[in-house]
Each structure stands twice: as C-alpha cells, then as structure tokens.
Amino acid sequence: MIYLDNAATTKPCDEAVKAAVAALADDFGNPSSRHFVGTQAERILADARTTIAKALAADEKCIFFTSGATESNNWAIRGAAENRIKRKPKVVTTTVEHPSVKEAVKALERLGAQIVWVSPDENGEITAESIISAVDDKTCLVSCMLVNNETGYVLPVAEGFAAIKRKYPDCITHCDAVQGFMKLPIKVNALCADLISVSGHKVYAPKGVGALYIKKGVNITTFMQGGGQEGGKRSGTENIPAIAGFAAAVKKLGGNINQRYENACTLRDTLYNSINSIADDIVINSKAGALPYICSIAMVGYKSETLLNFMSERGICVSSGSACSKGKKSSVLKAFGIPDNVADSTLRVSFSCDTTPQEVEQFAAALEQARALASTGNKRK
Ligand code: PMP
C-alpha cells in the first residue's frame, strides 16, 4: 500500500498505539474516581495535557480535551459568539474554512449574527489586510484557519490576528490549526489566538480526540453540560486511551518540525518534478509557499473520481479534494479561483513523515499509466 492521504488521516504511530492499548487494558480507571485506579488515569490525563500544552507553548490549564477538531471548532465558534452577538453581531471568517467552521458560523447566522466572509483575491491569496479590514468594532469573533486542508495554503493568521488584537482587543480570535499542528511552529502568544483547535488523528494519534486551547481570561459558553470534567468546561468522562495516544504521538514528533518540513519539501519537489515530466498539462493548484505536506494537482480532462479509483485498485490512496467533501464539488477550490474543469480533475496528495520519495515516484508512474491507458482507449474509439 502507498498511503498518500495523510491530510485526511494518519496511521497512528507505534508509540500512540502502545499508549492507547495500555490505557485501555491496564489503566482503565475513570480519572474522576478517587481510588488508585482512578488516580493512575488522572495522571495519564495530566501528563497528556502537559504534552499538548508544551507543543503549543501554552499553559496546561488552557488545554481542554475534546472529541476532535469538529467539536473544538463548534465549541470555539458557538461558545465565543453566543453571548456576544447581541452587542457585537459581526463574525468574520474565510470562504476556505473546513465545514466544521463554515457550518458552525452559519448556525450563528440563524441566531442573528452577521457573517462577513473573506475570500481569496484574484491571485488566490488571502492577505492579512483583507482579514483585518473585515473586522470592525461590531465584530465579536474572527475565525481563520492556519493551513487549508485542500491545497496546503498557509493563511497569514499571526499577522492578521496581531493587528486585530491591537485595534479591537475585545474581538475573540479563533484559529483552526488542525493542518498546521506539529508541521509549523505554533506558539499561542505569537499566533495572537484566544482559541486554537487541534486534532489527534492528523498527527499519528487515534481518531476521536482533539483539543481546544482557551486563553486564560477568555470566557466562552460551554455546551457539554454534565459532570463537570475538564475544569467544568467540557463534561463527559475523558477518552483516556485516545488522549494517551494523542500525547504519545505528539511527544514522539517532538521538536523536529524543521527536519520534517525539509523532508516534506523533498517529497513535494519529487512529486512536482515527476508529474512535470509526464505532460505539461498537469496543473499544480497548490501555490508556492503552501505547506509542502499537501499537494493539490490536476490532470485536466481526467475525472478525479476515476483517477482515485484507478489508484485505489493499484494500492495507492490519494484523495479528490478533502475527505469531508466526499462526492461534493469543492467550494474551497472554487473560492481559490480554480476553474471547474481543473477542480473536477483535482487530486490531493498528502505526505506523512514516513512517506518516501520512491512512493511518490510510484504514484507519478501510476498517473502516467492512467493517462496512457486512457489515450489508448480513446484511439480505439
Ligand atoms: N479542520 C480542518 C482544517 C481539518 O482538516 C479537519 C479534518 N478533516 C477538521 C477541522 C476536523 O477534524 P476532526 O476530524 O478531528 O473532527
């Protein structure tokens, strides 16, 4: 198998599996129980919180575990805006966000919020200036992703949020950092974000676990009512096996962000060089400066679904657009100004830290094969 769909999900690393299994089989206590089995689970939870906090250069008291980034995004957006939109009805976000942000924002609209959508300009860029100028003294929340999940485009979040905070200190800043976490250096203070969402399964941890960073002093409403876990902010018995796996995966990745980034650049260059040698009508949708882990390409005239199936039959996993927009036309590619015929042929190739240049070359060879087969088919007609 050649797995090149790491923006959809990653294979949990051995360390994550080991930690999750140990928590399932041995340290199965409820962290809220006061006996020693509970205390052991509580210790795992506390250690995990420290690990995730460290990875974001945050205080551990500011990390709240959730069921994943969909929950983190919904909680952040609804929680920040719900009590503020009466006084400040505007919410600013971008047209290239993940559905868990877009849909959460649309739900606010039904509560009376006025949504300001920032779109990429004619060059497919979202400038810090365009985010900053969308905010005014009636804006209660701005939500902007760090890295786009379909193209790897890196948004100027730190620059935008810093200026917004200088001008409108009360405006809450939220960043969906899922695709940038452990790939770009993220420090909560440098990002100027009050709220940050991250997810475990994009960083070699199990699915169904994520976290929301909530800056000290920032109040957001809570929508998981119950036993008062997570400091009373997010009730529900914590998913200790997944949390233990999350922490183990993050610990393993450690501080080697630059080294991994360099490797991803090599993989990206290998991909682009190999596809350029197949034919010159292959389009690269990802821009220069995009995160090298996510490459959006299109062999125009060949439907993504057909290519995806062709690859899958040969043991190669890639994606068309994002895993979350299964079968639907990508509104994100459209927002980036990618023409429909290119979007229809788009494949997203995304790397892990275990991907090898040989695997990337094999993918390119399969693409060439798909093209050759199609042209023979056409000739026969
Ligand atoms: N935001 C982005 C940018 C994502 O790529 C994803 C996952 N596709 C999510 C949010 C949702 O994360 P989860 O799967 O943990 O709910």
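The values are calculated or read from the model by the stated rules, or taken from the named source; none is laboratory data. These numbers come from a predicted model, not from an experiment. Because the Cβ atoms are built from the backbone with ideal geometry, glycine has one as well, and the counts that use them run over all protein chains shown. Ligands, DNA and RNA are excluded from the accessible area calculation, which covers all protein heavy atoms including side chains. Shrake-Rupley method; radii C 1.70, N 1.55, O 1.52, S 1.80 Å.
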- Message: When you check Lys138 against the structure, is it out of contact with any Asp or Glu (no Cβ under 6 Å at 6 or more places or on another chain) and either farther than 30 Å from Gly236 by Cβ or small (Gly, Ala, Ser) (or both), yes or no?
- Response: yes
- Among Ala211, Ala205, the single one that is in a strand (DSSP E or B), touching a residue at least 40 places away in the same chain (Cβ under 8 Å) and in the same structural domain as Ala81 (by TED's automatic domain parsing) is Ala211
- Query: Applying the selection to region 151-196, what residues are under 14 Å from the mean Cα position of the chain (by Cα), over 20 Å from Gly255 (Cα atoms) and assigned to a loop (DSSP other than H, G, I, E, B)?
  - Reply: Thr151, Gly152, Tyr153, Leu155
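So that you can scan it fast, the table gives a plain yes or no per residue for (1) away from the ligand (no atom under 16 Å from the Cβ); (2) more than 13 Å from Phe246 (Cβ to Cβ); (3) touching a Cys at 6+ places or on another chain (Cβ under 6 Å); (4) touching a residue at least 12 places away in the same chain (Cβ under 8 Å):
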position	(1), (2), (3), (4)
Ile52	no, no, no, yes
Ala58	yes, yes, no, yes
Phe65	no, no, no, yes
Ala69	no, no, no, yes
Ala80	yes, yes, no, yes
Arg84	yes, yes, yes, yes
Arg87	yes, yes, no, yes
- Matching residues in region 330-381 - criterion: being in contact with a strand residue (DSSP E or B) (Cβ under 9 Å, 6 or more places away or on another chain) and of a type in the set (A, V, I, L, M): Leu333, Ala335, Ile338, Val342, Ala343, Leu347, Val349, Val360, Ala366, Leu367, Ala370
- Query: Which members of region 164-186 meet the condition of being open to solvent by less than 20 Å² (accessible area, probe 1.4 Å) and either without any contact (Cβ under 8 Å) to a residue 40 or more places away in the chain or farther than 20 Å from Gly68 by Cβ (or both)?
  - Reply: Ile164, Cys171, Ile172, Thr173, Cys175, Ala177
- Task: May I ask you to verify whether Ile275 is over 28 Å from Ile186 (Cβ atoms) and among the β-branched types (Val, Ile, Thr)?
- Result: yes
- Check every one of the helices (runs of 4 or more DSSP H) wholly within region 220-331 and list those with 2 or more residues that are within 16 Å of the ligand (Cβ to nearest atom). 240-253
- State whether one or more residues within region 145-157 are surrounded by fewer than 24 Cβ atoms within 10 Å (Cβ to Cβ) and more than 13 Å from the ligand (Cβ to nearest atom). yes
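Okay, residues lined up against (1) buried (at least 22 other Cβ atoms within 10 Å of the Cβ); (2) modelled with pLDDT under 95:
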site: Ala242; (1), (2): yes, no
site: Lys251; (1), (2): no, no
site: Gly255; (1), (2): no, yes
site: Thr266; (1), (2): no, no
site: Ser277; (1), (2): no, yes
site: Asp280; (1), (2): no, yes
- Before we move on, is Gly124 open to solvent by less than 30 Å² (accessible area, probe 1.4 Å) and out of contact with any strand residue (DSSP E or B) (no Cβ under 7 Å at 6 or more places or on another chain)? yes
- Item | Number of the exception - Ile132 against (1) open to solvent by 20 Å² or more (accessible area, probe 1.4 Å); (2) within 16 Å of the ligand (Cβ to nearest atom) | (2)
- Item | Residues satisfying the stated conditions in region 187-211, i.e. within 11 Å of the ligand (Cβ to nearest atom) and open to solvent by less than 10 Å² (accessible area, probe 1.4 Å) | Ser197, Val198, Ser199, Gly200, Val203, Ala205, Val209, Gly210, Ala211
- Query: Does Ala8 fit the bill of being more than 15 Å from the ligand (Cβ to nearest atom) and either outside the structural domain of Arg348 (by TED's automatic domain parsing) or without any contact (Cβ under 8 Å) to a residue 24 or more places away in the chain (or both)?
  - Reply: no
